[in-house]
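The numbers here are math on the coordinates, done by the rules we state, and not lab data. Computed from a prediction, not measured in an experiment: that's the story for all the values here. Methodologically, a virtual Cβ is constructed for each residue, glycine included, from the backbone with ideal geometry; neighbour enumeration extends over all protein chains shown.
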Amino acid sequence: MPVKTTENGEFKPLIVAFCCNWCSYAGADLAGTSRLSYPADVKIIRVPCSCRVNPLFILRAFQRGADGVIICGCHPGDCHYTTGNYYARRRMTLLFSMLDYLGIERKRTRVEWVSAAEGVRFSEVMNDFAKHITELGENKKLEDLRCKKSLD
Amino acid sequence: MQEIFGLIKEKAEKLFADGSVNRVLGWKKGETEYDRIPSVFESAEELEEFVYDGFCAANLSKYLIRESREDGKIAVLLKPCDSYSFNQLVKEHRIKRDNIYAIGIDCDGKLDIDKIKAAGVKAIQSIEENGSEVIVHTLYGDKKFNRQDVLLERCLCCKGKDHVSGDEFILAQNRVDTTVKDRFEDVRKLEAMTPDERFEFWRSELSKCIRCNACRNVCPACNCIKCVFDNEDSGVAAKANVDTFEENMFHIIRAFHVAGRCTDCGECSRVCPQHIPLHLLNRKFIKDIDELYGEFKAGADTETKGPLTDYRTGDAEPSLISDRGGSN
Ligand code: SF4
Ligand code: SF4
Ligand code: FES
């Protein structure tokens, strides 16, 4: 299990960020080279396009201990593959609505559009998301006890 | 439906006689008085076993995925709701339309044996359908039901008794409308609950799941050759002993994979041995799609793009969901 508490016992969420290669991943890079900070517990997973994110990936992330999952892609209209993010947008909207319908906290999942030039925005988005997840606390509703055990 | 039964059988015999088909896909009697099994008849003689009554609820269109690839033409019997699944399969190029002769047949609602049994009926000898009445003959005497009271839930929310596809139609003289309920009514009730109430509701329902996969196997929209849930390496191929995640995951993904393609045929809820209201998951997607992307009826035709294989530049952002407010 990744360490989820700070030295003084505060909860530190584990966040998985799916970032599209062409915009948001480059945005994260820019944030890094510009020395902008964002929480170290944001684990970035690079995907070719936001529409590569299968709903199963998101559930899997929760299963393996994530407390929040964020999907970042190019701004609508700017997708490297022209329309990928438009499809992703519909899928994610429906998936999030279904998670809400099952009673799972609606603020644990998010989609943000971050371009390669928006290093500042990337760090802001991650800081804000981490803040929300910290307030929500640990993911209990979508946890997998089996994984908890093997990770501990 | 007795009148219709005769007409269908006659038609099927004729199709065999003039050689226009070499198989007929219909139903035959199963082990009990209320068990009807989808079945392929290969000759006029075999049609002796053919039945069509209130228990022929099974949607036959999925069987065409395999059957339409065989040699020769096959005739299939489609109830109005089945004709939507049929269209959807044609649209997805899953069945060979040219090898099929589709006969649309009338339906006056299918019976729910669980509702009959719930009324304390035991030792059923035979079941008689007489217009708006259903008479169950048992060892302990007869029990009469109003047909409308023992219909399957899906028939109470029937999309209408008109077929959306078919080469020929066999319809009753007095057609009955069974729709009395708005299909989104129960979804709205759930939406009105608090997230924690909803979570509890779904925990109590989904924890009953035994992962028999019947809901997936029966579904005409679930038609991948290799299903994600069959991947043994994934760790989701069977029910986990002590875990809630696996249950949620299976049901979210099952419903998601048919989102935009589910015709709300109601087969999944009908076959679930644990009586989990799976239609409440499917209909949530249908309702959201209708509200967000414009009304869409899967299977209404064979051309329109599905809502998840289409987009508008001005579509709603996913933040719409988290902006719904509330404590979490
Ligand atoms: S049919 Fe019912 S019990 Fe079987 S897998 Fe589906 S929901 Fe679970
Ligand atoms: S999900 Fe259920 S209602 Fe929808 S098409 Fe499949 S079996 Fe029919
Ligand atoms: S490539 Fe960035 S969203 Fe498609």
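The convex hull around the C-alpha trace of the stretch B:1-110, projected and averaged over every direction, spans 6.4 square nanometres.
Distance between the modelled labels on B:Asn22 and B:Lys226, one decimal in nanometres: 3.2 nm (7 Å Cα→Cβ projection).
Scaled against 2.2 N^0.38 Å for its residue count N, the alpha carbon radius of gyration of the stretch B:185-324 is 1.10.
For the options B:Asn282, B:Asn223, B:Asn130, a Gaussian network treatment of chain B with springs between C-alpha atoms closer than 10 Å singles out B:Asn130 as fluctuating the most. For A:Ala31, the shell of other residues with beta-carbons less than 11 Å away shows a net charge of -1, using +1 for Lys and Arg and -1 for Asp and Glu.
Taking chain A on its own, what percent of its Cα-Cα pair distances exceed 21 Å? When all Cα pairs of chain A are counted, 43 percent exceed 21 Å. Near B:Gly6, once Lys and Arg are set to +1 and Asp and Glu to -1 for all other residues with Cβ below 14 Å from its Cβ, the sum equals -3.
With no solvent and one equal point scatterer placed on each C-alpha of the stretch A:1-85, evaluate the Debye formula and give log10 I(q)/I(0) for q = 0.15, 0.22 Å⁻¹, two decimals. After summing over all Cα pairs, the log10 values are -0.61, -1.05. Under the rule a/c < 1.5 gives rounded, and otherwise a/b versus b/c splits prolate from oblate, where does the stretch A:103-143 land using the Cα gyration tensor? Prolate.
Simple spin-label estimate for B:Glu70 and A:Thr33 gives 6.4 nm between the two label positions (7 Å along the Cα-to-Cβ direction from each Cα).
Computed across chain B, the Kirkwood hydrodynamic radius from all distinct Cα-Cα pairs reaches 21.4 Å.
Using +1 at the Cβ of each Lys and Arg and -1 at the Cβ of each Asp and Glu in the protein assembly as shown, identify which of B:Cys157, B:Leu320, B:Cys262 lies farthest towards the dipole's positive end. Result: B:Leu320, furthest along the dipole toward the positive end. Helical content alone sets the calculated 222 nm signal of chain A at -13000 deg cm²/dmol, taking -39,500 (n - 2.57) per DSSP H segment of four or more residues and averaging over every residue. From its DSSP helices (H runs of at least four residues, each -39,500 (n - 2.57)), chain B gives a residue-normalised ellipticity at 222 nm of -8500 deg cm²/dmol. Using a Gaussian network model of chain B in which every pair of alpha carbons under 10 angstrom is joined by a spring, one finds that among B:Ile74, B:Ile103, B:Ile113 the greatest mean-square fluctuation is at B:Ile113. Per residue, the convex hull around the alpha carbon atoms of the stretch B:59-127 comes to 124 Å³.
How compact is the protein assembly as shown by the rule of thumb for globular proteins, expressed as Cα Rg over 2.2 N^0.38 Å? Show your work: numbers first, answer last.
On the way: Rg = 25.7 Å, N = 480, 2.2 N^0.38 = 23.0 Å.
Normalised by 2.2 N^0.38 Å, the Cα Rg of the protein assembly as shown equals 1.12.
Looking at the stretch B:211-282, the trypsin sites (Lys or Arg not before Pro) that sit in a DSSP loop and have at most 11 other Cβ atoms within 10 Å of their own Cβ are B:Lys226.
Taking Cα atoms of the stretch B:116-161, Rg/Rh with Kirkwood Rh, to two decimals?
Taking Rg over the Kirkwood Rh, I get 1.03.
For B:Ser207 and B:Lys14, the FRET efficiency from 1/(1 + (r/R0)^6), where r spans their Cβ atoms and R0 equals 60 Å, is about 0.70.
Say the cut-off is 22 Å between C-alpha atoms; which of B:Lys115/B:Lys181; B:Lys189/B:Lys239; B:Lys115/B:Lys208; B:Lys62/B:Lys297; B:Lys110/B:Lys144; A:Lys140/B:Lys239 go over it? The pairs that break the limit, which is 22 Å between Cα atoms, are B:Lys189/B:Lys239.
Ratio to report: Rg/Rh of the stretch B:13-68, with Cα atoms as the point set and Rh obtained by the Kirkwood method; give two decimals.
Numbers: Rg = 11.7 Å, Rh = 11.9 Å.
Result: Rg/Rh = 0.98.
Looking at the stretch B:96-177, the pairs of alpha carbons with a distance over 21 Å make up 42% of the total.
Summarised in one figure, the compactness ratio Rg/Rh of the stretch B:263-328, Cα atoms and Kirkwood Rh, is 1.06. Here A:Met92, B:Met193, B:Met249 are placed in order of increasing Cβ neighbour count within 10 Å, fewest first, which gives B:Met193, B:Met249, A:Met92. Under a Cβ-Cβ cut-off of 11 Å, what is the net charge of the residues other than B:Gln173 that fall near it, where Lys and Arg count +1 and Asp and Glu count -1? Here the count lands on -1.
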